[in-house]
Amino acid sequence: KQTGYTALDQGFVNTASTRSAITYIDGDRGILRYRGYAIEDVAANSTYLEVAWLLIYGEIPSASQLEEFDEKIRRHTLLHEDLRRFFDALPHSAHPMSVLSSAVSALSTYYEDSHDVRDPEHVELSTIRLLAKLPVIAAYAHKKSLGQALLYPDNSLSFVDNFLKLNFGNMAEDYEVNPVLSKALDRLLILHEDHEQNASTSTVRLVGSTEANIFASISAGINALYGPLHGGANEAVLKMLGEIQQSGEGVQKFVERVKRKEEGVRLMGFGHRVYKSFDPRARLVKESADEVLADLGVSDPLLDIARELEEVALADDYFISRKLYPNVDFYTGVIYKAMGFPPRMFTVLFAIGRLPGWIANWREMNEDPNTKIGRPQQLYTGPETRAWPQR
Ligand code: CMC
């Protein structure tokens, strides 16, 4: 039955699904702000956990608030031993994003208190558990894909250093965190922390609007992020750059194929629903790329291909007229690769980055007395009533 007020907005191009006080984007001017602070200032002056606090609680934390937050998160990094064994049940070939979403979903089974979504104490505890355990789960997904032993977290280390050690350390020798790598990863995570009502955050809100617990909601968000049009683009960009390199066809020819709209050929890491002048995160990532590769002593021909692609595309009328610019995913893969992560981990890194934004949005939705279950309308295009044939 049509209700009379249904307007079709496929892909939510014109419709706001919520009010929110967390993140502001002006896509025409390339502006992104977390709780009013420009992303450029945030990235230059903070850490992942400080920004997580800002997004979730609305203000920059005091030194003691941040210390307490950090301390609590360190205390919750361990996974239940049974959950560590959960990784044994999955194939080595599993994509780490599938492992990540499955393990986050499984967290609900260990923390029954998370179903109590109206109890602020439980919501707070679930928040800390997610922030503490997601990086550990992510590192285990990585280790699993390598067939290596899962390490225990080292809680004497900072959030990012602990994560690096879990990924790149091993049982046999000491692992020394490279501070350049640590700083660079922290900065990249900050740039991903929130981006208002993107597909994964909207998914988290939609699932959360049914009063499902935060682990279930965020597991759904991780699955939404997986797709190559969203977070999966960072892995797809590296694949594209590798294919251009291996085929030897050259950047110009590849761009011609994109413009001819050959089946399945898109310039990955380009274009954005909201940004129509530039993506401010992409600018900051590009700055980092040179710096990080030089600091790590890595030179990668894929970075040259990426630069050439950007140059060619930005001078081409096809991309100019459609307002297509590099997005955050265009250069991140090259940096993650230089850090030693395999391409299949790139979107997992995006998920760790985005976690505070998902939590902040879930909590904002949960606390808003005006929240209603998300239930879009449709315009029915099927047949009118038909009589069931007499046989
Ligand atoms: N390469 C070639 N053409 C493109 C691209 C691209 N990357 N993006 C959009 N277009 C064209 C599209 O074919 C269409 O052309 P026409 O008007 O001739 O039909 C026009 O530009 C408008 O595109 P659209 O698909 O209607 O735009 P959208 O807002 O629905 O999609 C997007 C946005 C991000 C899904 C899309 O730009 C895309 O597929 N980009 C590549 C994937 C990617 O990099 N995703 C990461 C997004 S940023 C980080 C994140 O959200 O996770």
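Once the mean 1/r over all distinct Cα pairs of the range 248-378 is inverted, what Kirkwood radius in angstroms do you read off? The partial results should precede the final answer.
Numbers: mean 1/r = 0.0581 Å⁻¹.
Hydrodynamic radius (Kirkwood, Cα only) of the range 248-378 equals 17.2 Å.
With the cut-off at 19 Å, report for the range 34-98 the share of all Cα pairs above it, as a whole percent. Provide the component values of the computation, followed by the final result.
Numbers: 1109 of 2080 pairs.
In whole percent, the share of Cα-Cα pairs in the range 34-98 beyond 19 Å is 53.
Determine which aspartates and glutamates satisfy two conditions relative to LYS259: a Cα distance under 19 Å, and not lying fewer than 8 residues away in the same chain.
In chain and number order, the partners are GLU243, GLU249, GLU308, GLU310, GLU311, ASP316, ASP317.
Suppose the chain between LEU90 and TYR175 were pulled fully straight at 0.36 nm per residue; how much longer would it get relative to their current alpha carbon spacing? All intermediate terms of the calculation are to be shown ahead of the outcome.
On the way: separation 85, 0.36 × 85 = 30.60 nm, distance 2.70 nm.
Gain on stretching LEU90 to TYR175: 27.9 nm.
Considering the dipole of the range 121-207 built from charges on the beta carbon (Lys and Arg +1, Asp and Glu -1) around the Cα centre, which of SER145, LEU131, LEU188 is farthest to its positive end?
Value: SER145.
Once you have a ≥ b ≥ c as the square roots of the Cα gyration tensor eigenvalues for the range 162-287, tell me rounded if a/c is under 1.5, and otherwise prolate or oblate according to whether a/b is larger than b/c.
Numbers: a/c = 1.90, a/b = 1.15, b/c = 1.66.
In terms of gyration-tensor shape, oblate.
May I ask for the net charge around PHE330, where only other residues with Cβ less than 11 Å from the Cβ of PHE330 are counted and Lys, Arg are +1 while Asp, Glu are -1? Before the final figure, lay out each step's value.
On the way: positive: ARG281, ARG283, LYS286, ARG307; negative: ASP279, GLU310, ASP329.
The answer is +1.
A 18 angstrom limit on the alpha carbon distance is what I want to check against. Which of LYS239/LYS337; LYS253/LYS323; LYS143/LYS239; LYS261/LYS323; LYS286/LYS337 exceed it? Before the final figure, lay out the partial values.
Numbers: LYS239/LYS337 12 Å; LYS253/LYS323 21 Å; LYS143/LYS239 21 Å; LYS261/LYS323 16 Å; LYS286/LYS337 14 Å.
Long pairs (Cα-Cα over 18 Å): LYS253/LYS323; LYS143/LYS239.
Is it possible to state the helix-based mean residue ellipticity at 222 nm for the chain, with each DSSP H run of 4+ residues giving -39500 (n - 2.57), the sum divided by total residues, to the nearest 500 deg cm²/dmol? What is it? Don't skip to the end; give the middle numbers.
Details: 17 runs with 217 residues, N = 391.
Result for the chain: -17500 deg cm²/dmol, rounded to the nearest 500.
Among GLY271, GLY232, GLY242, determine the one that fluctuates most according to a GNM of the chain built with springs between C-alpha atoms less than 10 Å apart.
GLY242
What is the magnitude of the charge dipole of the chain about its Cα centre, with +1 placed on the Cβ of each Lys and Arg, -1 on the Cβ of each Asp and Glu, and no other charges, expressed in debye to the nearest 20?
Numbers: 42 positive and 53 negative charges, 331 e Å.
Taking the Cα centre of the chain as origin, the dipole is about 1580 debye.
With all protein chains present, how much of the accessible area of the chain (probe radius 1.4 Å) comes from carbon and sulfur, to the nearest whole percent?
51 percent
Would you mind counting up the charge near VAL104? Only other residues with Cβ under 13 Å from its Cβ, with Lys and Arg at +1 and Asp and Glu at -1. Write out the running numbers ahead of the final one.
Details: positive: ARG129, LYS133, ARG354; negative: none.
Neighbour charge sum, excluding VAL104 itself: +3.
By how many nm would the segment from GLU211 to ILE373 lengthen if fully extended, with 0.36 nm per residue of separation less the alpha-carbon distance?
Details: separation 162, 0.36 × 162 = 58.32 nm, distance 0.82 nm.
Extra length from GLU211 to ILE373 when fully extended: 57.5 nm.
Take the chain, connect every pair of alpha-carbon atoms lying under 10 Å apart with a spring to form a Gaussian network, then pick out the residue of GLU68, GLU176, GLU263 with the largest mean-square fluctuation.
Taking springs between Cα atoms under 10 Å, the residue moving most is GLU263.
What does the accessible area per residue of the range 229-339 come to in Å², with a 1.4 Å probe and no ligands, DNA or RNA counted?
Working: 5320 Å² over 111 residues.
The answer is 48 Å² per residue.
Compute the Rg to Rh ratio over the chain from the alpha carbon atoms, using the Kirkwood formula for Rh, and round to two decimal places.
Using only Cα positions, Rg/Rh for the chain is 0.98.
Return the distance in nm (one decimal) between the two label points of a simple spin-label model at ILE128 and ASP154, each offset 7 Å from Cα along Cα→Cβ.
About 2.4 nm separates the two model spin labels.
So how far, in whole Å, is the C-alpha centre of the range 147-217 from the one of the range 296-347?
Between the Cα centres of the range 147-217 and the range 296-347 lies a distance of 22 Å.
Kindly state, to the nearest 0.05, the FRET efficiency for ASP317 paired with TYR110, given R0 = 45 Å and r defined as their beta-carbon distance.
Numbers: r = 55 Å, r/R0 = 1.22.
FRET efficiency, ASP317 to TYR110: 0.25.
Ranked from highest to lowest mean number of other Cβ atoms within 10 Å per residue, what is the order of the peptides 76-89, 128-141, 205-218?
Working: 76-89: 14.4, 128-141: 23.6, 205-218: 21.6.
The packing order, highest mean first, is 128-141, 205-218, 76-89.
Using +1 on the beta carbon of Lys and Arg, -1 on that of Asp and Glu, and nothing else charged, what's the dipole of the range 157-217 about the Cα centre, debye to 20? Present the calculation step by step, with values, prior to reporting the outcome.
Numbers: 4 positive and 9 negative charges, 29 e Å.
So the magnitude is around 140 debye.
Enter the accessible area per residue of the range 27-158 (Å², integer; probe 1.4 Å; all protein chains in place). Can you show the working numbers first?
Details: 5930 Å² over 132 residues.
Per-residue accessible area for the range 27-158 comes out at 45 Å².
Once a ≥ b ≥ c are taken as the square roots of the eigenvalues of the Cα gyration tensor of the range 68-163, is the result rounded (a/c under 1.5), prolate (a/b larger than b/c) or oblate (a/b not larger than b/c)?
Details: a/c = 2.40, a/b = 1.34, b/c = 1.79.
Oblate, since a/c reaches 1.5 and b/c is not below a/b.
The values are calculated or read from the model by the stated rules, or taken from the named source; none is laboratory data. Since the model is a prediction, treat every value here as computed from it, not as a measurement. No Cβ is skipped: glycine too gets one built from the backbone with ideal geometry, and neighbour counts run over all protein chains shown. Only protein heavy atoms, including side chains, enter the accessible area calculation; ligands, DNA and RNA are left aside. Shrake-Rupley method; radii C 1.70, N 1.55, O 1.52, S 1.80 Å.
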